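Report on the following structure.
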Amino acid sequence: MRNGVAVAALLCMVFLTATVVLGADLPDLKGSWVVQASGVDIDKPGDSPPPVLHSEKLGYHEVEFLMVIDRQEGFRFSGYRESKRKKETLAGVIGYDHKSLYMVDADGTIQGKLVSPDHIEAVYLHIDNRHSLASREIMTRKR
């Protein structure tokens, strides 16, 4: 009986220690990140024929803007993305592997991977009533 209690106590200690260690290596994402985005957007069809019939409605773009993560509590973080045209709030979580990042803004989603402490590679998908957009993004932390 004593051995059973000792083994149970040891297992509990190992489990709790492993949980603390796993939580300890979450990356710190706070800071300002320069985002370089390359993508394409299309207008939503309305009274006119679908955009595929009007190639001039396809918009390939290259833009640079700022992402600021100003709050992080464990795996949760928030901030904003700001360009010359608009500023949007941002909320996100770090995945269980401590490298995958999942973010949302008012009308889009971002899935990315932390490839180094100061470098994120991501894909942004945006949908609203007027257009849809898909973009690859490279995010570099400003130091």
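If you count, for each residue, the other Cβ atoms within 10 Å and average over each peptide, how do 129-135, 37-43 line up from highest to lowest?
37-43, 129-135
Using a cut-off of 19 Å between alpha-carbon atoms, which lysines can reach K113, once sequence neighbours fewer than 8 places away in the same chain are excluded?
Here the lysines satisfying the reach criterion relative to K113 are K30, K99, K142.
Contour minus end-to-end for L26 and D107, with contour as 0.36 nm per residue of separation and end-to-end as the Cα-Cα distance?
Additional length available on full extension: 26.5 nm.
Order the peptides 137-143, 115-121 from the highest to the lowest mean number of other Cβ atoms within 10 Å of their residues.
With the highest mean Cβ count within 10 Å placed first, the list reads 137-143, 115-121.
Coordinate-derived values only; no laboratory data. Everything numeric here is computed off the predicted structure, so don't read it as measured data. Positions of Cβ are backbone-derived with ideal geometry, glycine not excepted, and every protein chain shown enters the neighbour counts.
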